[in-house]
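**Student:** A single structure is presented below for examination.
The values are calculated or read from the model by the stated rules, or taken from the named source; none is laboratory data. Being a predicted model, the structure only gives us computed values, none of them experimental. As a convention, Cβ positions derive from the backbone with ideal geometry for all residues, glycine included, and neighbour counts pool all protein chains shown.
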Amino acid sequence: MSTARRVGARKGSIPVHSAAVTCLAWSSADSHAAIRGSVNLPFRRAMERPLESRTISQAIQTCMDLLAGRRIVVVMGDRLALTGICLAPFIAPGLMGAATTEEEGLRLVQQLQPNLLLLTEDLEIGYGIRLMQRVHEHSSDTRMLIFLSRETQDVVQEAMQAHADGVIFRSSMGTGQGDFIQALQTLSAGGVYYPEDVRQRVVSLHADQQQAFVEQLSEREKQVVNAVACGLTNAEIATAFQISPETVKSHVSNCMSKLAVRDRTQLAVSALMHGLIDYPSSG
């Protein structure tokens, strides 16, 4: 019998006994056993085979280290993809719940207070990008990483404006461009992650505004914004530039005022959208 606690038989909840992963709230201690019990035996045996590739094993261990202690909720409309990510050994230990609809996802976030939300824009009911906006209004402590199927300028900009802490194109997974590990590293450090292929979509959209945008900031302010985008704290920025934390705080406040943003994430996103920030390429 499953040890998972059923949240409710709402639309978007997936029963624990189905071959798909559950849309439940469960304790982290029970989650791995509950998920393993929800899939058929051949699939479970396949998942339990030792990995032959040392590279894959190392990548999994890196992800496990980065996600240690994280409380995770996953919201995806594709049930096969949802099952796969929830079964991943680096996700399962911290997995608190999963959903396939916007409303169920929001309810899980409100109830469980995760510090990491993984999602896609396409849901069975609702829209993942709107869910991010609603989550941000409820809790700014939840970091959000979205995997986009549609790679248009409008969708990327919409995700950024919805306070996504990280954006990865699903088509780039495994190519070295949309690097899940680098995204986790950046988000864990407090930064925002938009790889090159994502940034190109919005930088070209705002090309005519870049000059005016850049001219608003002093050279030191540009350096501070870049450091904020990379996830450095005020104390770390102060050490890096050999200035006082109070001076850093003043620079950050001035930059937010000049760029009309309300928090550090949006400060970084605004700079990214206008081509001010250039992260090193992954790989």
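**Student:** Quick check on my filter: what residues within the stretch 229-247 are modelled with pLDDT of 85 or more and hydrophobic (A, V, I, L, M, F, W, C)? Give the steps one after another, and end with the answer.
**Tutor:** Step one: list which residues in the stretch 229-247 are modelled with pLDDT of 85 or more, which gives 234-247.
Ala235, Ile237, Ala238, Ala240, Phe241, Ile243, listed by residue number.
**Student:** Looking only at the stretch 69-79, decide whether some residue is of a type in the set (Gly, Ala, Ser), outside any helix (DSSP H, G or I), at pLDDT 50 or above and in the same structural domain as His136 (by TED's automatic domain parsing).
**Tutor:** Pass one, the stretch 69-79, residues of a type in the set (Gly, Ala, Ser): 69, 77.
Now narrow it down to the ones that are outside any helix (DSSP H, G or I): 69, 77.
The next check asks that each one be at pLDDT 50 or above; those that pass are 69, 77.
Filter once more, keeping what is in the same structural domain as His136 (by TED's automatic domain parsing): 69, 77.
The answer is yes, given that some residue of the stretch 69-79 is of a type in the set (Gly, Ala, Ser), outside any helix (DSSP H, G or I), at pLDDT 50 or above and in the same structural domain as His136 (by TED's automatic domain parsing).
**Student:** For the condition surrounded by 22 or more Cβ atoms within 10 Å (Cβ to Cβ), charged (D, E, K, R) and closer than 24 Å to Thr101 by Cα, what is the one hit in Asp154, Asp165? Steps first, please.
**Tutor:** Details: Asp154 fails: surrounded by 22 or more Cβ atoms within 10 Å (Cβ to Cβ).
Selected residue: Asp165, the only one of Asp154, Asp165 that is surrounded by 22 or more Cβ atoms within 10 Å (Cβ to Cβ), charged (D, E, K, R) and closer than 24 Å to Thr101 by Cα.
**Student:** Taking the residues in the stretch 228-249 that are in contact (Cβ under 8 Å) with a residue 24 or more places away in the chain and part of a helix (DSSP H, G or I) as candidates, determine which candidate is farthest from Ser188 (Cα to Cα).
**Tutor:** Our first condition is that a residue be in contact (Cβ under 8 Å) with a residue 24 or more places away in the chain; within the stretch 228-249, this holds for 228-233, 248.
From the residues that got through so far, the ones that are part of a helix (DSSP H, G or I) too are 228-229, 248.
Details: Val228: 13, Ala229: 12, Val248: 21 Å.
This residue is Val248.
One line per residue, one yes/no per condition, for (1) modelled with pLDDT of 80 or more; (2) out of contact with any Gly (no Cβ under 9 Å at 6 or more places or on another chain); (3) more than 20 Å from His274 (Cβ to Cβ); (4) in the same structural domain as Arg71 (by TED's automatic domain parsing):
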{"site": "His136", "(1), (2), (3), (4)": "yes, yes, yes, yes"}
{"site": "Arg150", "(1), (2), (3), (4)": "yes, yes, yes, yes"}
{"site": "Gln161", "(1), (2), (3), (4)": "yes, yes, no, yes"}
{"site": "Asp165", "(1), (2), (3), (4)": "yes, no, no, yes"}
{"site": "Met173", "(1), (2), (3), (4)": "no, yes, yes, yes"}
{"site": "Gly178", "(1), (2), (3), (4)": "no, yes, yes, yes"}
{"site": "Gln182", "(1), (2), (3), (4)": "yes, no, yes, yes"}
{"site": "Ala189", "(1), (2), (3), (4)": "yes, no, yes, yes"}
{"site": "Glu196", "(1), (2), (3), (4)": "no, yes, no, yes"}
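**Student:** Tell me whether the stretch 210-227 contains one or more residues that are at pLDDT below 90, in a helix (DSSP H, G or I) and touching a strand residue (DSSP E or B) at 6+ places or on another chain (Cβ under 8 Å).
**Tutor:** no
**Student:** Please find, within the stretch 135-150, the residue that is surrounded by the most Cβ atoms within 10 Å (Cβ to Cβ) out of those that are assigned to a helix (DSSP H, G or I) and more than 15 Å from the chain's Cα centre (by Cα).
**Tutor:** If we filter the stretch 135-150 for residues that are assigned to a helix (DSSP H, G or I), which is where we start, we get 135-138.
From the residues that got through so far, the ones that are more than 15 Å from the chain's Cα centre (by Cα) too are 137-138.
Details: Glu137: 9, His138: 13.
Looking at residues that are assigned to a helix (DSSP H, G or I) and more than 15 Å from the chain's Cα centre (by Cα), I get His138.
**Student:** Condition first: over 18 Å from the mean Cα position of the chain (by Cα) and either at pLDDT 55 or above or among the acidic types (Asp, Glu) (or both). Now tell me which residues in the stretch 29-68 satisfy that.
**Tutor:** Once the filter is applied, which keeps residues that are over 18 Å from the mean Cα position of the chain (by Cα) and either at pLDDT 55 or above or among the acidic types (Asp, Glu) (or both), the stretch 29-68 yields Asp30, Glu48, Glu52, Ser53, Arg54, Thr55, Ile56, Ser57, Gln58, Gln61.
**Student:** Let me ask something else. When the residues of the stretch 114-133 are filtered to those that are in a loop (DSSP other than H, G, I, E, B) and modelled with pLDDT of 95 or more, which remaining residue is farthest from Asp78 (Cα to Cα)? Spell out the reasoning first.
**Tutor:** Taking the stretch 114-133 and keeping what is in a loop (DSSP other than H, G, I, E, B), we get 114-115, 121, 123-124, 126.
The next check asks that each one be modelled with pLDDT of 95 or more; those that pass are 114, 121, 123-124, 126.
Numbers: Pro114: 21, Glu121: 10, Leu123: 7, Glu124: 8, Gly126: 13 Å.
It comes out as Pro114.
**Student:** Could you run through the stretch 250-263 and say how many residues are outside any helix (DSSP H, G or I) and within 21 Å of Arg143 (Cβ to Cβ)?
**Tutor:** Initial filter on the stretch 250-263 (outside any helix (DSSP H, G or I)): 260-263.
Now restrict to residues that are within 21 Å of Arg143 (Cβ to Cβ): 261-263.
Going through the stretch 250-263 one residue at a time, the tally reaches 3.
**Student:** Could I ask something else about it? Could you tell me whether the stretch 118-125 includes any residue that is within 21 Å of Leu66 (Cβ to Cβ), over 15 Å from the mean Cα position of the chain (by Cα) and touching a residue at least 12 places away in the same chain (Cβ under 8 Å)? Spell out the reasoning first.
**Tutor:** Quick first cut of the stretch 118-125, residues within 21 Å of Leu66 (Cβ to Cβ) only: 118-120.
Checking which are over 15 Å from the mean Cα position of the chain (by Cα) leaves us with none.
The answer is no; no qualifying residue exists.
**Student:** Here's something else I'd like to know. Tell me, yes or no, whether the stretch 95-102 has at least one residue that is at pLDDT below 90, touching a Lys or Arg at 6+ places or on another chain (Cβ under 7 Å) and not small (Gly, Ala, Ser). Outline the logic, then answer.
**Tutor:** Here is the first cut: in the stretch 95-102, the ones at pLDDT below 90 are none.
Scanning the stretch 95-102 turns up no residue that is at pLDDT below 90, touching a Lys or Arg at 6+ places or on another chain (Cβ under 7 Å) and not small (Gly, Ala, Ser).
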